[in-house]
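See below for the structure under consideration.
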Amino acid sequence: MRILKAGFALAGLLALAKFSPIYFHSLQFDDFVKHEAQHLRMQAPLKKALLDEARSYSLPVKESDINFSSSNGVFSVAVDYRVPVDLIVYNHELTFHAAGSGLLLK
């Protein structure tokens with residue numbers, strides 16, 4: 001019985017060790033998207049900044065994951081991406097959505 005409990009505890013620690021950094025980096029990236037969308041309102045520099053920041057956090061964000069829109073004087077950016085997690089016996093994919101917006105300059 002102790003071996004079974006130890007196995008479950010080890011599996012839980014392994015899952016925690018795999019998921020925690022991904023969620024932490026995703027939250028950091030989400031804050032970056034919100035901040036940069038308010039300051040960089042041009043698509044090309046913003047897309048480059050988002051891709052560079054995602055790369056620095058080891059998040060697999062591609063150009064096709066970044067979507068821009070503008071309406072009623074508001075500039076918006078949305079980033080939808082997936083992060084694969086290898087749990088040795090099971091591969092899981094986490095889905096994230098980061099969004100930010102800012103007023104368009106006139």
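The values are calculated or read from the model by the stated rules, or taken from the named source; none is laboratory data. Note that the structure is predicted; figures quoted are calculated from it, not measured. Here the Cβ positions follow ideal geometry from the backbone for every residue, glycine too, while neighbour counts run over all protein chains shown.
Taking the criterion of being surrounded by fewer than 11 Cβ atoms within 10 Å (Cβ to Cβ) and free of Cβ contacts under 8 Å to residues at least 60 places away in the same chain, would at least one residue in the range 23-33 satisfy it? Don't jump to the end; show me each part of the working.
Taking the range 23-33 and keeping what is surrounded by fewer than 11 Cβ atoms within 10 Å (Cβ to Cβ), we get none.
No, the range 23-33 has no match at all.
Please find, within the range 59-78, the residue that is modelled with the lowest pLDDT out of those that are more than 15 Å from Asp30 (Cβ to Cβ) and assigned to a loop (DSSP other than H, G, I, E, B).
Gly73
Would you call Ala37 among the aliphatic types (A, V, I, L, M), part of a helix (DSSP H, G or I) and loosely packed, with under 15 Cβ neighbours inside 10 Å?
Criteria not met by Ala37.
Return the total of residues in the range 1-22 being in contact with a Leu (Cβ under 9 Å, 6 or more places away or on another chain) and without any contact (Cβ under 8 Å) to a residue 24 or more places away in the chain.
Count: 1.
Limited to the range 46-100, what total is found for residues that are loosely packed, with under 11 Cβ neighbours inside 10 Å and either aromatic (Phe, Trp, Tyr) or under 25 Å from Gly12 (Cβ atoms) (or both)?
Matching residues across the range 46-100 total 9.
Out of all the residues in the range 79-102, which are without any contact (Cβ under 8 Å) to a residue 40 or more places away in the chain and part of a strand (DSSP E or B)?
Within the range 79-102, the first condition is being without any contact (Cβ under 8 Å) to a residue 40 or more places away in the chain, and the residues that meet it are 80-82, 84, 89-93, 95, 97.
Correct list: Asp80, Tyr81, Arg82, Pro84, Asn91, His92, Glu93, Thr95, His97.
Out of (1) more than 14 Å from Phe96 (Cβ to Cβ); (2) at pLDDT 90 or above, the odd one out for Val33 is which?
Of everything listed in (1) more than 14 Å from Phe96 (Cβ to Cβ); (2) at pLDDT 90 or above, Val33 misses just condition (1).
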